[in-house]
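**Student:** Starting off with a structure, shown below.
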Amino acid sequence: MKKIFIILILFIFILPAVQALAQDKYDYTVLAPLPGVADTAGQTTTLGKYIPAMFNLAIGLSAIAAVLNIVFGGLMYMSTDAVMKKEDGKKRIQNSVYGLVLVIGAWLILYTVNPNLLKFNLNIETIQTKAPAGERGELGSVGGSVTPSYDVDAKVAETCPHCQMRPGVQYRLTPENLAKFDCKTCIPAGVPSFSNNSNVDPAFRAKLQALDNGLKQQGVGWGMTEGFPPTSNHESPCHYTGNCIDARLSSASPSALDVKRFIETARNNGLSPSYEVRTQAEASDMISSLQGLGLANPPVVVNRDATGTHFHMH
């Protein structure tokens, strides 16, 4: 009887440690199915259902074991005239009664305090995080949990059969945004790129290659930083269809003149660029510099969620 109580106590303390494995997302093939917790074939279940059933079963088995010990002790007491045997039977009955009272008492105390204490919910909810919205409202790559690469690869294989994927890229995408992927005609852009994927829609690709040729003639270096599939969450839907990109100049501290050249060349090739900075002070300085260079309506916006200064183009 003591072993059963020790097992129950250990089970209660070990239970929190297995909560991380008890998600209903995964099915397990059990060696010892319990009634009412497996599928129709009796072979698979989830830990979230199996572990509470084990606890309830352990409580029931403890009560049954106590009753059987009481019966066995009574038989020992009645079937012998030896004083020692009668004492053993009496002691067994007493220990069994104590054990039965302990099991039932523990259950009744928990039920009286709060019936929900006897209900195990091992499903851990996933918390979706979102970075504070900037003035532009673009989420960017700040915040969010890492998306398994095999989820992204499977979705890209379904929605973009001609896409090329860079190895080792880390994704932070919500399931809702991953479901928005739709770029069946996308192909590699064929223009400079920094580390991330660079697939785009074919019509958009032609404009990007014209932009690249124009910038080369002016000696302006640049590269894409976000194509399709995107590595992070964006509010602009074009990121999920290969019709817009993020890019930056090669220089770590680009001059206003190079920014002006990029914007004008992009506009001349049918693109709509915007230059994103992280603070209002940076935006004011750049707008003033671009206007001083004769650029009308500088497309400078504040994106506090951006990981760095860059262009957004569609």
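Values quoted throughout were computed directly from the atomic coordinates according to the rules given, and no laboratory measurement underlies them. Just so you know, these numbers come straight off a predicted model, no measurement behind them.
**Student:** Residue-wise, which Karplus ³J(HN,Hα) couplings in Hz belong to the range 60-77, taking 6.51 cos²θ - 1.76 cosθ + 1.60, θ = phi - 60°, and x for glycine or proline?
**Tutor:** The phi angles translate into x, 5, 4, 5, 5, 4, 5, 5, 5, 5, 4, 4, 5, x, x, 5, 4, 5 Hz.
**Student:** Once you've got the Cα coordinates, tell me which of 184/260; 184/207; 155/260 are over 29 Å apart.
**Tutor:** Values: 184/260 34 Å; 184/207 19 Å; 155/260 38 Å.
As for pairs spanning more than 29 Å Cα to Cα, those are 184/260; 155/260.
**Student:** Sticking with this structure for a sec: Could you pull the Cα extents of the range 149-313 along its three principal axes, largest to smallest, in whole Å?
**Tutor:** Computed over the Cα atoms, the extents are 49, 32, 24 Å.
**Student:** For the range 303-314, in order, what is each residue's ³J(HN,Hα) by Karplus, 6.51 cos²θ - 1.76 cosθ + 1.60 with θ = phi - 60°, in whole Hz (x at glycine and Pro)?
**Tutor:** 10, 5, 8, 5, 7, x, 5, 7, 9, 10, 9, 9
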